[in-house]
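Okay, structure first, notes after.
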Amino acid sequence: MIMSKKITKVLILSLLFNVTSCFELELENPNTVSEASFWKTENDLFQGVIAAYDALQLDGLYLGNLPVVLTGLSDDGTGESTNEFYAPFRFKIFNSNIYLSEYLWLHFYAMIGRSYQVIDKGSSIEGENVKNIQAEAKFLVALAYFNLIAVYGENIAFVDRIQEASDFPKRAENGELYNLIENLLNEAIPELRLASEYSEADYGRASKGSAQALLAKIYMQQQKFEEAEPLLMDIVNSNEYELLLSFADNFSENNTVNKEAVFVINFLHDGPAIESNFHVRHQGFSPREKLGTYGDIQPTQFVYESFLQELDVDGNPDPRLDVTLFHPGSTELFIDQPYSWWEPQFRNPEINTAYFKYSEQEFIDGFATKFDGGTDFILIRYADVLLLYAETLNEMGKTSEAYNYVDLVRQRANMEPLSTAQPGLSKDQFLEQLKHERVVELSGEVTRFFDLKRWGMYNASNAIRDPNFETFVNGRSEIQPIPQSELDLNSNLIQNPGY
Amino acid sequence: MKNVFLLGLFTIILTFPTLSQRIITGKIISADGTEIPGVNVLLKDSNSGTITDINGNYSIKIPEEGGSLEFTYIGFQKEEIEIGSKSIIDITLDEDLTELKEIVVVGYGTQRKGDITGAVAVVNTDQLKKSYSASITDQLQGRVAGVTVTTSGKPGSIGDIKIRGASFFGGNNPLYVIDGILTGDNPNLNPSDVASVQILKDASASAIYGSRAANGVIIITTKKGVKGEPKINFNSTVGMQRIPSRIDLKNNFEWAEIVNAAHDNAGAPRVSGANEDFDENVNTDWQSEIFDNTAITYNLNLAITAGGEKSSVYFSINKFSQDGAIKGPQFNRLSTRLNSEYKLTKNITVGQHLTLGSSTIDGVAGASGPDDDGDIISPFSAAYEMLPVIPIFDTSQVSGYGVGQIGTAQTWSENPIGVMDLYKNFSENTSILGDIYVEYEIIKGLNYRFSLGLNGGFSNFKSYNRAGQIRMSTNHFSGLTENRSENFEVFIENRISYERTFGKNKLSIMGAITEQKGREKVLGSSSIGGYDNETNFWQLSNSTGSIASNGSETQSAIRSYLGRLNYNFDQKYFISAALRNDGSSKFAPENRWSIFPSVSGGWVISEENFFNVPFIDNLKFRGGYGVVGNASIGDYEYTTTIDRTATGGVNYNLGPTSISTLGATRSDMLRNADISWEELKETNLGIDIETLDGQLFFTGDYYVGDVNKILAQVPLPGTVGAIERSSPSINAVSLERKGWEVAMSFRKSAGEFKYAFTANMSHTENKITDLNYGLTELVGTDISSKTTARLGYEVGKFYLLDYQGIYTAEDIAALPADFTVQGETPQVGDAKYRDTNGRNENGFLTGIPDGKISRDDDRIITGSPIPKIVYGFNIDLAYKLFDLSIFLQGISGRDVYNTYYSLMTTEDFGHFTNYPQDYDPYIDGNGSDPRPHFFQGHGNNLESTKFLENGAYLRLNNFQLGVNIPQNRLENLRLYVSGQNVLTFSSYRGLDPEFEGGSVFTPGLDPRSYPSVRTFMLGLDITF
């Protein structure tokens, strides 16, 4: 009986133990910070804009695919003819979910999404740099839409704020997106610091000049030269930028602040040892997928021929040829191999050059984990700005004034000034000459796609320079099909005509 | 005990003067020695009677002249004893073999089988144990109507179990209840330890388990000690295993002819390895290199049971070992169990269950299936992707293994022999599962039970590989990865129950509060490149490279309040109602709690006076309705997090040199704060028939229900801002689910010849009735391009071009001039697909054929990836000392997509593989399969009904022939031979028609995983 009482007591105690041990159902995630508790300080916002810059280095964008796609879609680059991967370059109807197209779309909208987190969350954060940070994010939104419009046209998804899972953005009407990004840049320009006002450690952040140059490009793309002119003039007069003495220095891993870079994407110079494989550019511009490179794109023959049109003041070939192309006369090695090694295995046997500009030469032999190199990619180069300024002045009827800026670019390349080589060109002749100048100065820098569109030349007639355009269908192929997966997921969107 | 005795004595003294009466006392036990309380003891032809007490004792006054006593108890056969001059009558009651009287565990209590009103399968564990398997659950395959088990031959793998089909997108595992402990993971229990298995199939039966019961509940009860002298049982089985099937493949010359034609047809230069300069002496049979291995497996089991007046104990120790039927993998498990119980006082019992397990799996990289172990290909794909012209060993290669060569013999497959040599992986698991409990009978019929349980373990995974080359133009670094995790769940249960019989009414009530808390901690480390090829010291500390680490922890908790009421009148009318309220930490506070009710009833019509069908002993109708839940999501999934990591991630390098600046942004995995329980509302109608004096038993169930709020990872448009498509879980989808199950058993003895026959058959089907946002199709990364989840259709139906053969010259001549297939004009020998749809000038689908075959537009929804019928039958024969059992099992009405053929005849992978022997492509005017074409997107290389095959099969799953050898010194000595997966009848051309699709969305796609193995065994069973 005593035993029994004891046990009863123990039982009662165990019951008490029971009641007091109730498990809590509200459990905090111990692994990471939640969205609701973030976005409180200026530093949070700065980290946010860093993530938005990071989007530039996504593989769908400047890490690799975007230069390949935009070069392939224009007449200065071509991909292999029998691979579905490159079907867009042949303007064929293709499964629009293929990697190249889908990731281009996803990653630009990711950049927009990350930027709008900064723009929207910043409105409730105090701090002296908040406005500048928000302005940088606005620049990035504009940069994304500028590209998206060029690839997919204007009637794409209209995103102008943070998106939640329940948001299905509307289809933008003509003009709406241009209007949005013009406004964003006009808001950003007065808030942004000049390039020289950033410390060296901040090199790579969007400056006032970056935003002005982008806005000028956006205006020019819409033939609004009048609006573009003061912006470009302001950049030229700001003395923030200058042409480097050596053209080639723009495309090497020089580890210094480049005064010619108006906006630059910084890639890691020391390779993957520091971080994961990201943040270093991949090798889409190599001649072939050899030695750990991808070899997606080769220049069209017309690019090579453009360089052969004119010798420099010393009677030598245009010095920009060796920097831009890996060609029959190249004396430099491509990943330690001479031209004669590569030539028989070019992806497209009818083309005897490869892009050398922005192709990486760093490579660990035998171990194919390091495809990528660390040369910074200059998205807006001062030489480009000068040529755009010349084009704008010419469009505004100020052809003679325009000569000055072309001359600056040519003289740096040891070419005779245009003002002495071809003085007195008419407006149309000058534009034709500018088209040539842009090829020899900027090929391999992903400008040609936009140039063709701006000049009204993006049509089947380019087939004379790039056979891929033989299958270009005027009225359809100017813009690419919106990825089908996006149409499936957002019924507000409509496929572009003809697809 | 003592008290009872005193009481008895007192009674005797008190009644002594009445000389015309005397007292009979005794004890009633069952065949296994357990005392039986509550037995009716009746003096025949009189009104005097009594019942046995808690210890099975009784005493009864009888007239001096005696008579006979009748002993009756539910579930036992009636006994009648002539008293004569005896004063003590001890009786052993035999269990009534009528199955309806069996006592079964139904969750938080027991019930007589005949009283059950839901769909509860009581599994015959004796039959189960004839199948050879490391886990009790694998042995359920084909045994229970409505329960499908897909097993694999991979050492250490546990079969995948589904009850009434897959209804959810994230998790379809049933809930396991092992001696009262709830777990969603298959417990991998030693089959010998299991006393009973009950399966709660319908919502009315399983609702007592509320939020986790929607996939059904498997209740496993382990063995207890039996009263009596210690009994020792030793069982040993040794077997040999082998992968039984092969696919006939092309040899080197045949391969070269096709691959050359594929290049010619695409206008691509021939690969030289297939052209002139290949070594005709190299003709590797990769399948045989990988599969030709006979593996040894054995199982040793020792069990001891014992019991006394107050205590009982069951102890076992088990060793299970299984080598891989491909070279390399090996599984070993050592497990022990101790179950004991002790009666502290007359009404307080304490006890415990505990099992400890330790297992190791030595693996082969990739062997779990495609894409497992990072980039390493599964050996079951490598066998078909490797080319006959590649030698196994090739000294001219970096590591000496033959690999694909660009431009000569192209394949991206890893050399599987190289993988086995260079890549090693090991996992070790230690598991603990057990509980302690106290049962307290407060007053008669009112019981309180408290239990505290623990389920958890440690696991340690390690893999490493030497540097080298095992794949075309790819060298790999050395590497080492180690992951450790610990995982524990604590359970607390307080239960109170009351049972009372008054007149013809029988009532039982149960209420309980349960709590469960789990935590998991993970730590991982890896190093790439830090090892030289001579090292034998594969430890992180020895790495000369950098080491990356990661760690995380998660916690979860569930609290539940539950209750149940069972009532029956006169064993004729039954009603049962249950209610459970569950709260879970997985959901936001406003969605945290949910109530799961159920009600069911039964009517034994054969007990009615008007029922007069002589050959039917028992006829019962059952019906029930219940609501149960499921939550196939992880922890904390209702809050969106911020991505911010020290390296990589969303950082950016500002400045001219490489300085990484920390970035932060919303995680791409957007979360949905509104997520809540998934829910099944189901109606079940059943019938039980017993006839031929209990020899034939039939049960049938029909169910229909709605599965609502199914959590689907609904992909969001890219405009939401995620770099990979963000697919938050949303309670988006509703299904209708219905089906039927029948099972029957028949047994009979004719002298020394005994035979029994059991059979079961089931059917289940589903149909999507709602998708969120008015969508008609669910899209997402989990859904293959070959299957679809569409409104109005079964989940995972095939979505394929309708293949019609190849174009003949007449066909081509008859085509309109602008007819195209994937944008190209078809030629003779090209694949012919049915034109089913078209687009108008605005790009919208019209439903009208447009003379253009396109992969995007012309695919049709077709086929039946889920079997229409799943069945099994078992025959047991016994004559004198010999017994034989034969178990057949199969499915019918299933279409499967032969991914071996689609891989090799290039729908999946353009001419980078070998080809099957019966592939007959159109070359030089001959052939019945489409013209080979190297261009992967070409019309001849598309997913189509060409690869759909009949997936029906009938398998001689198991036989066992045994002999019981008469022996004086041993209680039992039995020898047996048995075979498993002995014969399969199927027209399917893949390796094994028994497979589970990779996901619920791809139920009919063969994942090319480890096939079932054929096993032959010898066994010995001794009891003494």
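For the reader, a short list of remarks on this structure follows.
- Test: residue B:883 is of a type outside the set (S, T, N, Q), within 42 Å of the chain's Cα centre (by Cα), open to solvent by less than 20 Å² (accessible area, probe 1.4 Å) and modelled with pLDDT under 95: no
- Filter pass, residue B:432 being more than 30 Å from residue B:268 (Cα to Cα), open to solvent by 40 Å² or more (accessible area, probe 1.4 Å), within 14 Å of chain A (Cβ to nearest Cβ) and assigned to a strand (DSSP E or B): no
- Boolean, residue A:44 is at pLDDT 85 or above and either open to solvent by less than 10 Å² (accessible area, probe 1.4 Å) or among the charged types (D, E, K, R) (or both): yes
- Single residue of the range A:305-329 satisfying the filter (of a type outside the set (A, V, I, L, M, F, W, C) and part of a helix (DSSP H, G or I)) that is nearest to the chain's Cα centre (by Cα): A:324
- Which numbered condition residue B:351 misses (of (1) at pLDDT 95 or above; (2) open to solvent by 30 Å² or more (accessible area, probe 1.4 Å)): (2)
- Test: residue B:829 is of a type in the set (Gly, Ala, Ser), farther than 27 Å from residue B:894 by Cβ and touching a residue at least 40 places away in the same chain (Cβ under 8 Å): yes
Here is a yes/no grid of residues against (1) within 29 Å of the chain's Cα centre (by Cα); (2) among the hydroxyl-bearing types (Ser, Thr, Tyr):
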position	(1), (2)
B:362	yes, no
B:386	no, no
B:419	no, no
B:427	yes, yes
B:442	no, no
B:446	no, no
B:451	yes, yes
B:456	yes, no
B:464	no, yes
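- Check on residue B:503, surrounded by fewer than 20 Cβ atoms within 10 Å (Cβ to Cβ) and either at pLDDT below 90 or in contact with a Leu (Cβ under 7 Å, 6 or more places away or on another chain) (or both): yes
- If the condition is being open to solvent by 30 Å² or more (accessible area, probe 1.4 Å), in a strand (DSSP E or B) and either within 14 Å of chain A (Cβ to nearest Cβ) or of a type in the set (D, E, K, R) (or both), then the range B:506-537 contributes B:506, B:513, B:517, B:519, B:520, B:521, B:522, B:523, B:526, B:528.
- The range B:459-483, subset aliphatic (A, V, I, L, M) and assigned to a strand (DSSP E or B), residue surrounded by the fewest Cβ atoms within 10 Å (Cβ to Cβ): B:480
- For residue A:445, the criteria (1) open to solvent by 20 Å² or more (accessible area, probe 1.4 Å); (2) touching a Phe, Trp or Tyr at 6+ places or on another chain (Cβ under 9 Å) hold in every case but one, which is (1).
- Those strands (runs of 3 or more DSSP E) of the range B:144-235 in which 2 or more residues are among the polar types (S, T, N, Q) occupy B:147-150, B:194-200, B:217-222.
- Residue within the range B:185-198 that is without any contact (Cβ under 8 Å) to a residue 60 or more places away in the chain and open to solvent by 10 Å² or more (accessible area, probe 1.4 Å) present: yes
- Beta carbons closer than 7 Å, at least 6 apart along the sequence or on distinct chains, pair a first residue in the range A:406-425 that is on the phi > 0 side of the Ramachandran plot with a second that is open to solvent by 30 Å² or more (accessible area, probe 1.4 Å) for A:414/A:313; A:414/A:314; A:414/A:319.
- Residue A:193 falls short on exactly one of the conditions (1) open to solvent by 10 Å² or more (accessible area, probe 1.4 Å); (2) within 14 Å of another protein chain (Cβ to nearest Cβ); (3) outside any helix (DSSP H, G or I); (4) over 23 Å from residue B:653 (Cβ atoms), and that condition is (4).
- Filter result for residue B:521 (among the charged types (D, E, K, R) and modelled with pLDDT under 95): no
- Residue count, the range B:838-848 (criterion: open to solvent by less than 30 Å² (accessible area, probe 1.4 Å) and within 19 Å of residue B:860 (Cβ to Cβ)): 1
- Among (1) free of Cβ contacts under 8 Å to residues at least 12 places away in the same chain; (2) within 14 Å of another protein chain (Cβ to nearest Cβ); (3) of a type in the set (Ser, Thr, Tyr), the one test that residue A:461 misses: (2)
- Scope the range B:238-270; condition assigned to a loop (DSSP other than H, G, I, E, B) and either surrounded by 22 or more Cβ atoms within 10 Å (Cβ to Cβ) or of a type in the set (Phe, Trp, Tyr) (or both); matching residues: B:243
- Count of residues meeting criterion [out of contact with any Asp or Glu (no Cβ under 9 Å at 6 or more places or on another chain), assigned to a strand (DSSP E or B) and over 25 Å from residue B:925 (Cβ atoms)] in the range B:787-834: 2
- Considering residues of the range A:466-499 that are charged (D, E, K, R) and surrounded by 20 or more Cβ atoms within 10 Å (Cβ to Cβ) only, the residue nearest to the other protein chains (Cβ to nearest Cβ): A:486
- Taking residues in the range B:276-303 that are in a loop (DSSP other than H, G, I, E, B), and partners anywhere that are open to solvent by 40 Å² or more (accessible area, probe 1.4 Å), the pairs with Cβ atoms closer than 6 Å and at least 6 places apart or on different chains are B:283/B:251; B:293/B:327; B:294/B:240; B:294/B:242.
- Selection status of residue A:330, closer than 19 Å to residue A:77 by Cβ and open to solvent by 10 Å² or more (accessible area, probe 1.4 Å): yes
- Residues satisfying the stated conditions in the range B:583-604, i.e. touching a residue at least 60 places away in the same chain (Cβ under 8 Å), within 12 Å of chain A (Cβ to nearest Cβ) and in a strand (DSSP E or B): B:584
- Residues that are part of a loop (DSSP other than H, G, I, E, B), away from chain B (no Cβ under 14 Å), open to solvent by 30 Å² or more (accessible area, probe 1.4 Å) and under 26 Å from residue A:324 (Cα atoms), drawn from the range A:198-256: A:242, A:243, A:245, A:246
- Enumerated helices (runs of 4 or more DSSP H) restricted to the range A:407-499, each holding at least 1 residues that are over 28 Å from residue A:380 (Cβ atoms) and at pLDDT below 90: A:484-489
- The range B:918-1024 holds strands (runs of 3 or more DSSP E) entirely within its bounds, and those carrying 2 or more residues that are surrounded by fewer than 17 Cβ atoms within 10 Å (Cβ to Cβ) and either of a type in the set (S, T, N, Q) or in contact (Cβ under 8 Å) with a residue 40 or more places away in the chain (or both) map to B:953-964, B:972-986, B:1014-1023.
The values are calculated or read from the model by the stated rules, or taken from the named source; none is laboratory data. Small disclaimer: the values here were computed from a predicted structure and weren't measured. Note that we place each Cβ from the backbone using ideal geometry, even for glycine, and neighbour counts take in every protein chain shown. These area figures cover heavy atoms from the full protein model, side chains too; ligands, DNA and RNA do not enter into them. Shrake-Rupley method; radii C 1.70, N 1.55, O 1.52, S 1.80 Å.
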